[in-house]
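For reference, the structure is listed below as structure tokens.
The values are calculated or read from the model by the stated rules, or taken from the named source; none is laboratory data. Note that the structure is predicted; figures quoted are calculated from it, not measured. Because the Cβ atoms are built from the backbone with ideal geometry, glycine has one as well, and the counts that use them run over all protein chains shown. Ligands, DNA and RNA are excluded from the accessible area calculation, which covers all protein heavy atoms including side chains. Shrake-Rupley method; radii C 1.70, N 1.55, O 1.52, S 1.80 Å.
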Amino acid sequence: MPFNAKSLVSLRSWLFYAEVVAVIGFVTLAFFYIQRGTAEPESPPLSQVGAFIEKADALFKKHDLVDAALYYWQALRALETEDEVQGISINGSSQTSAEVRLHANLRIAEIYLQSNWLRDSQARLEYAARIQPEHAGVRLLRGKLFRDEGLLAEATAEFLAVLKNAPDDAEAHYLLGVLYQGSKQFEQASKHYAKAIENDPEFLNIPSEKAPIGILARLQLSRTYTKMLQGYQFLDREFTEEDLAAVTRLESESIRLLEQAHENMPEMNEVVDDLVRLLFARASALEREDVETRQYGDALQVYERIVELDPEEVRAWERMGEIYMSFLGDKEAALKVYRKVYEIEPHPTVLANVKSLEEDIAAEKLEE
């Protein structure tokens, strides 16, 4: 096709005018939105404050943080119309405007903290602190901010201040336990985790945490005991009877705590994973006993508990099959277990065990 200079000029002209029109349209649209943004929005009616807070609290509890923050802000904007209002009804109870402002500001600060907007969280926390500087929620949140900024001594001081006025605050005990655990002060950590467990008997939901404090404290206390247990492995001396008793207690307590956590929150994978790991260690220890005292029956029960927790844990099934076949002489039970192993992991070696056991059982029945 021959080159057409006029067509090229015409195309360039069209593109130029199209670009000009697009720029004008963009500027016009931006001006429109700027004008809308500078217009002073009308504050919501004061009568809606209670409804805003109730809706925000429900959303916050469900971890719908964006919408929760929107309703908390709506409540604060509605309160701007009056300096002080008495008797705001929220969930059937009457609260002053100061109490509502404190609650809304704390929740917004918490939402910002969970979103990793530390500076915005700090700014909003200051509004709450002006209302009631020694409020437990203010000091607790300030401690969390210090913690996330790496100021651990300051965070510890805030959590201790909460406990000075509210010694039964389960969350403050738990957060202190985490700080002490992180700095390898395991004795101190274990004391605060135990207090957190004691003060959350009903496993109350804390929206800012992934699980109730009573569950989290059990998980972390079990891990703390495990760390303390590991310390005995590096003792430069022979174990005394006191050492053996301490090791037994720490191992048993670690498992007991996780069993309690699993009973109340079976869907929490961290609890299941830690519990399975500890049970494997217990079963292995039982199998390593002296020849005369090896407790294969007890080890078998531990492996059975492991597969209850995780039916796909093939290592536990394999050990059960080995115990039934090699140590307890129960070929029928071994066959059943190895069939399960092959179902999970169809390996030729496992199939060979299945076939061998089937042949042995068939031959024994013929002999009867």
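Some points to look at:
- Prolate/oblate/rounded label for the stretch 318-368 (Cα gyration tensor, a/c 1.5): oblate
- Relative contact order, whole percent, for the chain stands at 6, derived from Cα pairs under 8 Å and 6 or more residues apart.
- Extended-chain gain in nm, criterion 0.36 nm per residue less alpha-carbon gap, residue 119 and residue 203: 27.1 nm
- Tilt relative to the chain, helix 49-61 - C-alpha long axis, 0 to 90 degrees, to 10: 30
- Straight Cα distances below 13 angstrom link residue 144 to the aspartates and glutamates 110, 154, 158, 171, 209, with same-chain residues fewer than 8 positions distant left out.
- Crossing angle, helix 241-264 versus the chain [Cα axis fit, 0-90 degrees, rounded to tens]: 50
- Magnitude of the charge dipole, the chain, Cβ model with Lys/Arg +1 and Asp/Glu -1, debye to 20: 1980
- Cleavage-rule hits, GluC sites (Glu not before Pro), the stretch 251-303, DSSP coil, Cβ neighbours within 10 Å at most 14: 267, 289, 292
- Remark: accessible surface ordering of 240, 248 (largest first) is 248, 240, probe radius 1.4 Å.
- Tail fraction, Cα-Cα pairs, the stretch 206-358, threshold 24 Å, whole percent: 45
- Helix axis angle, 331-344 relative to the chain longest principal axis, alpha carbon, degrees: 30
- Each residue of the stretch 171-187 was assigned a 3J(HN,Hα) from its phi angle through the Karplus curve 6.51 cos²θ - 1.76 cosθ + 1.60 (θ = phi - 60°); the sequence is 5, 5, 4, 5, 5, 5, x, 4, 5, 5, 5, x, 9, 6, 8, 5, 5 Hz, with glycine and proline shown as x.
- Around the amide H of residue 95, modelled in the peptide plane, lie the amide H atoms of 87, 88, 89, 90, all under 5 Å away and 5 or more residues distant in sequence or on another chain.
- Estimated from helical segments only, the mean residue ellipticity of the chain at 222 nm is -24000 deg cm²/dmol, where each DSSP H run of four or more residues counts as -39500 (n - 2.57).
- Rg to Rh, two decimals, where the stretch 226-289 supplies the alpha carbon set and Rh follows Kirkwood: 1.04
- When the stretch 84-241 is reduced to its Cα atoms, the Kirkwood hydrodynamic radius in Å: 17.2
- The relative contact order of the stretch 90-231 comes to 14 percent, based on Cα pairs under 8 Å that sit 6 or more residues apart.
- Cα gyration tensor shape for the chain, rounded if a/c is under 1.5, else prolate or oblate: oblate
- With every protein chain in place, the chain: carbon and sulfur % of accessible area (1.4 Å): 54
- Pair-distance distribution P(r) for the stretch 154-271, from all Cα-Cα distances in 10 Å bins starting at 0: 14, 41, 30, 12, 2 percent.
- Around the Cα centre of the stretch 259-349, unit charges on the Cβ atoms of Lys, Arg, Asp and Glu (plus for the first two, minus for the last two) sum to a dipole of about 380 debye.
- Restraint check, 61/210; 61/191; 55/195, Cα-Cα greater than 23 Å: 61/191; 55/195
- Cα shape, the stretch 288-353, gyration tensor, a/c 1.5 rule: oblate
- Backbone phi angles across the stretch 209-217, fed through the Karplus curve with coefficients 6.51, -1.76 and 1.60 (θ = phi - 60°), yield HN-Hα couplings of 10, 6, 7, x, 4, x, 6, 4, 5 Hz in residue order; Gly and Pro are listed as x.
- Rolling a 1.4 Å probe over the protein heavy atoms gives the chain an accessible area of 60 Å² per residue.
- Dipole moment magnitude, nearest 20 debye, the stretch 165-254 about Cα centre, only Lys, Arg, Asp, Glu C-beta charged: 320
- Ranking 210, 331 from most to least accessible surface, computed with a 1.4 Å probe over the protein chains only, gives 210, 331.
- The stretch 276-321-the stretch 213-265 distance, computed between alpha-carbon centres (Å): 18
- Between 53, 224, 194, the Cα set farthest toward the positive side of the dipole of the chain (charges on each charged residue's Cβ, about the Cα centre) is that of 53.
- Selection of trypsin sites (Lys or Arg not before Pro), the stretch 255-294, meeting DSSP coil and at most 11 other Cβ within 10 Å: 288
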